[in-house]
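Just below is one structure, and these are the notes that go with it.
Laboratory data are not the source of any read-out in this text; all were calculated from the coordinates shown. The model shown is predicted, which means the values in this text are computed figures rather than measured ones. Neighbour counts run over all protein chains shown; Cβ positions are idealised from the backbone, glycine included.
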There are 2 protein chains.
Amino acid sequence: MNHPSDTSPAELDTILGRARAASPSLAAMCLKQRANGLLNIAARLEESRNELVEQAILETGLSSQRLRGELTRTIVQLKLFADIARAGEFLDVRIDQADPEFVLGSRPDLRRYLVPVGPVVNFTASNFPFAFSVAGGDTASALAAGCPVIVKAHPGHPLLSALTGRLITTALTDSGFPDGAIAVVFGQENGLSVLKDDRVRAAAFTGSFRAGRTLATAAAQRRSPIPFYGELGSVNPVFATPTAVEENAQALAAQYVASVAGSAGQLCTKPGFLFAPSSSELATTIRKAAEEHPQQRMLYPGLGAAYASRRTDILDTPGVSVIVEGSVRVDADDQVWATPTIVATSPATLREYRERLIDEAFGPLSVVVNYAENDNLAELSAEFFEGNLTGTIHLGENEDPIRVRELVDELATSTGRVIIGGWPTGVAVTPAMQHGGPYPATTNVSSTSVGSAAISRFLRPVTYQDAPQQILPEPLQDANPWAVPQTIASRGESLSWGSRGAAVPPTE
Amino acid sequence: MNHPSDTSPAELDTILGRARAASPSLAAMCLKQRANGLLNIAARLEESRNELVEQAILETGLSSQRLRGELTRTIVQLKLFADIARAGEFLDVRIDQADPEFVLGSRPDLRRYLVPVGPVVNFTASNFPFAFSVAGGDTASALAAGCPVIVKAHPGHPLLSALTGRLITTALTDSGFPDGAIAVVFGQENGLSVLKDDRVRAAAFTGSFRAGRTLATAAAQRRSPIPFYGELGSVNPVFATPTAVEENAQALAAQYVASVAGSAGQLCTKPGFLFAPSSSELATTIRKAAEEHPQQRMLYPGLGAAYASRRTDILDTPGVSVIVEGSVRVDADDQVWATPTIVATSPATLREYRERLIDEAFGPLSVVVNYAENDNLAELSAEFFEGNLTGTIHLGENEDPIRVRELVDELATSTGRVIIGGWPTGVAVTPAMQHGGPYPATTNVSSTSVGSAAISRFLRPVTYQDAPQQILPEPLQDANPWAVPQTIASRGESLSWGSRGAAVPPTE
């Protein structure tokens, strides 16, 4: 395969025009057909499993096992969104029957549901070449929502992106989707151009803080601003109580290193900090587990170089001591290979070098913070962490969880997911998953990029007032031909007050 | 009562500190108590009805009847949000039971619900001194969501704002709410300071395009950006088919003038444009109805002056002819009094003077656009209108609605509410209401400021993974002490695939 060159301005304009043109027919497409499109993508990916994984290994350096698992997740995720699309609950259909005796006067017939926002640009991530890339979660949820998707390919795996794009295009064409339902564009500047284009109506991004903030600002400064769902960076603190460490230092240490070093530490939910009381057993096991870890290739040279520099900064910080130094090596192809680096420090040093230390290190590096017996973990968490994807607590086996209630509440304020007794790497794709969190973890605290709730980021509400049945969209019709759930506020029920609100003279 | 002076910097800091301090206890407060607080506010407003309406008349010039109706709506709205708070459906509780046989591997116990975002600043509107002001919709939904509210009072009705603030404070204190659950601040610069303060986590605004865009930019440029729900401006086009005008010119004209001139045209949903074929009967009735309309005081001198200037611009535009000129008069107190101004023009003129004509004129002015027999209304709508709160269509009595299907679809794309056969002024407060729309109508297309769905703008999701029951928030506990709706994904059901998603090795 040839390396894809940057999309030309003319091609870009064609892609944007097609996406816009595809919007109305994609929005009007019946839910079953939408679901079939997603299932068809899943089938195509499954058929090309070997080719996809081989290409991904070449471009990312990730292991075959990891990539096969990720591809399976991606396929399952597409099927999940097919189910969500077909069920139609995401449309949030609300029907208020006309009511001449409404509590504040006559109420018209009102029917509200959620419609696709329009063309979406999806800036893909380097570290999940399947699950957060061309066929990843944002593509699946946007298509399920009925939005055309323009994918900005990550330069870390361009050939895989092109291949995946071709498979999706074929799958959607075979399912009767309009031309323009999916496109892949290449080139950094092109991503920004697409984001700024009036035809694009929402954006999703997973990547670095700097790039994310730049794109978020561009989205807000457009003539017509659009929603921007950016996932920027997270240090995912883990807190172990003294009892947890006393009882279980070895297992904790081993699991910690596995969570830090898996996928060469290139995961958004990698634990960047472990708060634990000093324990020689913990340090020894960490060292042993980390030293046994084979070197892993970083995703691409630029990312490896950035990690190497960040690692040096942390190692050079006064008050930071080495548990295991780890290594960074550059090979003849400029690829960077790393083994885990684990350092230790104190809350006082963290306080003194806050700016330098409390920031994502995207690679197999983590910081153990040795707190003192009388330190209050909830206060430390509040002091050091502003917004994270996750926060984790380890307790002793019989320790009363009420003792960490304050820390749990603090983590629920500053993160999107609070984990007890597990590790943050490991994100289930389910209805109750939340993958998001307060800034700077994301730029939009009310959204998730993983799980079935992700579909809502690409929808907007519209209400029809007193519209005849013939011109109502299917989900709002009394006949309900798509058999979607409809929440109905009946005529007359406001007389008993009920919870059905109030019509309004006068009005805005 | 003395005119409230601008809140001092020290007071402002105290207010922000109290709001932040109130956040955790307000978030943890049981839903019944939250509901009682809202009901208590409603009761206090009802008790002080006469005093409130008298003050509102003095400060806004709106009629007693209009203000009494608006106060009733505001009270009912508070009761509606009390019901919503108590029912707990808004929490969107999702529980995935732990499942060792999950489709992609072992799934942990995951429990997700929506929590309050934290302190909210509510920039109030001049034109609804009750329903969009201190005790208005955004305050009601934010308190129902569990967020402390800092209200930026509108300078058009400062004494009423202070009075309302005192009533709410008393009501909430009596209901056991924490100090800091509500505060009212005065002064334009103070509003911006509050918006920029790290302790504030969301903002709602109803007002002018310029002010709204400035505040939206400030919200996006914060060190830690926050959601900004701005309602900026809308021209609410109305389209009448030739048959509608033929059959019903007199009634249409009279209703149109009533909708344009009610509350001196100072309504966000005022119809700014009526697309109709030329009809002398329509013009004559419009003239007659408008000339019969008594002069009305505009809300405050600055707004009146801006209207006068905008009106002159429109009247002076070449190609614009007068149906009824109306009047603008300034009294000895600098208050502006107006009677309705209705002008006529053509699509060609609208095209030529697009920038000048297609913009909100906040007052009793509207433009009749006389289209030609072979004009396509859907195309005209798409050409001239980008984002509006509402779009309206009038059909003949026996006209086949399918004939306007294309226009309906176009309006569903560019507005938040499509009305058939009615008028946009008149907003029911119900589950299916949508008061919002694509930019520039609002800065956030996925939200509504009216109706029960408004509560979602002040919420964010958080997930608990494998947390023991004792430290789970009440809505997520198996015992469900608050008796809220819980959507449960059962263990084992993924074996039949189902729609329950997929757990993930490996993961981000």
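Within straight-line reach of B:Lys32, meaning a Cα separation under 15 Å, sit the following aspartates and glutamates at least 8 residues removed in sequence or on another chain: B:Asp83, B:Glu89, B:Asp174, B:Glu474.
What does the charge count near A:Pro148 come to, summing +1 for each Lys or Arg and -1 for each Asp or Glu among other residues with Cβ under 9 Å from its Cβ?
Residues close to A:Pro148 contribute a combined charge of +2.
Using just the C-alpha positions of the range A:40-85 as equal point scatterers, what log10 of I(q)/I(0) does the Debye formula give at each q in 0.20, 0.24 1/Å? Summing over Cα pairs of the range A:40-85 leads to -0.62, -0.80. Taking the longest Cα principal axis of chain B as reference, the axis of helix B:64-87 is set at about 20 degrees. For the rotation carrying A onto B, the chain A residue whose Cβ lies nearest the axis, with the distance in whole Å, reads A:Ala220, 2. Annotation for the range B:406-429 versus the range B:343-366: alpha-carbon center distance of 20 Å. Taken over the protein assembly as shown, the alpha-carbon convex hull comes to 159 cubic angstrom per residue. The Cα trace of the range B:243-369 gives Rg and Dmax of 14.0, 48 Å, the first to one decimal, the second as a whole number. Mean sequence separation of contacting Cα pairs (under 8 Å, at least six apart), scaled by the length of the range A:120-224, corresponds to a relative contact order of 33 percent.
Taking 19 Å as the limit for the C-alpha separation, the pairs A:Lys152/A:Lys196; B:Lys152/B:Lys196; A:Lys79/A:Lys152 exceed it in the case of A:Lys79/A:Lys152. Distant-in-sequence amide contacts of B:Phe123, defined by a placed amide H-H separation under 5 Å and a gap of 5 or more residues or a different chain, comprise B:Lys152, B:Ala204, B:Phe205, B:Thr206. Note on the range A:93-195: semi-axes of the ellipsoid equivalent to its C-alpha gyration tensor, largest first and rounded to whole Å, are 39, 15, 11. Plainly put, the tip 7 Å out from Cα toward Cβ on A:Gln65 is 7.9 nm from that tip on each other copy, the closest given first. What the Kirkwood sum gives for the range A:421-475 is a hydrodynamic radius of 14.2 Å, with every pair of different alpha carbons counted. Per-residue mean of foreign Cβ neighbours for A:212-218 is 1 (Cβ atoms of other chains, 10 Å radius). Scaled to the globular estimate 2.2 N^0.38 Å, the Cα spread of the range A:384-464, given as radius of gyration, is 1.29. Annotation: amide H-H contacts under 5 Å for B:Phe275 (H modelled 1.01 Å from N, sequence separation of 5 or more, or interchain): B:Val238, B:Phe239, B:Ala240, B:Val369.
Its Kirkwood hydrodynamic radius, worked out from the mean inverse distance over all distinct Cα pairs, puts the range A:194-247 at 13.3 Å. Our summary of shape: the Cα atoms of chain B have principal axis extents of 74, 62, 40 Å, ordered from largest down, in whole angstrom. Residues B:Thr443, B:Thr169, B:Thr487, arranged from fewest to most other Cβ atoms within 10 angstrom of their Cβ, appear as B:Thr487, B:Thr169, B:Thr443. In terms of overall dimensions, the range B:322-432 has a Cα radius of gyration and Dmax of 16.6, 54 angstrom.
Taking the highest mean first, how do the peptides A:181-188, A:71-78, A:448-455 order by number of other beta carbon atoms within 10 angstrom per residue?
A:448-455, A:71-78, A:181-188
Looking at the range B:315-393 alone, DSSP beta bridges between its own residues are antiparallel in about 60 percent of cases. Using the Karplus relation 6.51 cos²θ - 1.76 cosθ + 1.60 with θ = phi - 60°, the per-residue 3J(HN,Hα) values for the range B:54-59 come to 4, 5, 5, 4, 4, 8 Hz, with x marking Gly and Pro.
Over all directions, the projected convex hull of the C-alpha atoms in the range A:1-131 averages 12.0 nm² in area. Legend: ranking of residues B:Leu282, B:Leu80 from fewest to most surrounding C-beta atoms inside 10 Å; resulting order B:Leu282, B:Leu80. Here the Karplus curve 6.51 cos²θ - 1.76 cosθ + 1.60, taken at θ = phi - 60°, turns the phi angles of the range B:10-18 into couplings of 5, 4, 4, 5, 4, 4, 5, x, 5 Hz, with x standing for Gly and Pro. Distances between placed amide hydrogens fall under 5 Å for A:Thr341 paired with A:Leu365, A:Ser366, all partners being 5 or more residues away or on another chain. Just for the protein assembly as shown, what percent of DSSP beta bridges are antiparallel, to the closest 5? Rounded to the nearest five, the antiparallel share is 35 percent. How do A:Met29, B:Met298 line up, fewest other C-beta atoms within 10 Å first? Lowest count first: A:Met29, B:Met298.
For the segment A:404-417, counting C-beta atoms of other chains within 10 Å of every residue's C-beta and taking the mean gives 4. Counting Cβ atoms of other protein chains within 10 Å of each Cβ in A:219-227 and taking the mean gives 5. Relative intensity of the range B:358-508 on a log10 scale, I(q)/I(0) at q = 0.12, 0.14, 0.16, 0.17 Å⁻¹, equals -0.77, -0.88, -1.00, -1.08, per a Debye sum over C-alpha point scatterers of equal strength in the absence of solvent. Taking every DSSP beta bridge that has both residues in chain A, what percent is antiparallel when rounded to the nearest 5? Counting only bridges with both partners in chain A, antiparallel ones make up about 35 percent. A straight line joining the Cα centroids of the range A:215-271 and the range B:258-273 runs 51 Å.
Apply the a/c threshold of 1.5 to the C-alpha gyration tensor of the range B:200-315 and tell me whether it is rounded, prolate or oblate. In terms of gyration-tensor shape, prolate. Translational diffusion of the range B:320-361 was estimated from the Stokes-Einstein equation, with Rh taken as the Kirkwood radius over Cα pairs; at 4 °C and 1.567 mPa s the coefficient is 107 µm²/s.
Our analysis of the range B:73-134 gives Rg over Rh at 1.26, with the two radii drawn from alpha carbon positions and Rh computed by the Kirkwood formula. For the range A:459-470, putting each phi into the Karplus relation 6.51 cos²θ - 1.76 cosθ + 1.60 with θ = phi - 60° gives couplings of 10, 9, x, 9, 10, 9, 10, 6, 7, x, 3, 4 Hz, in residue order, rounded to whole numbers and with x for Gly and Pro.
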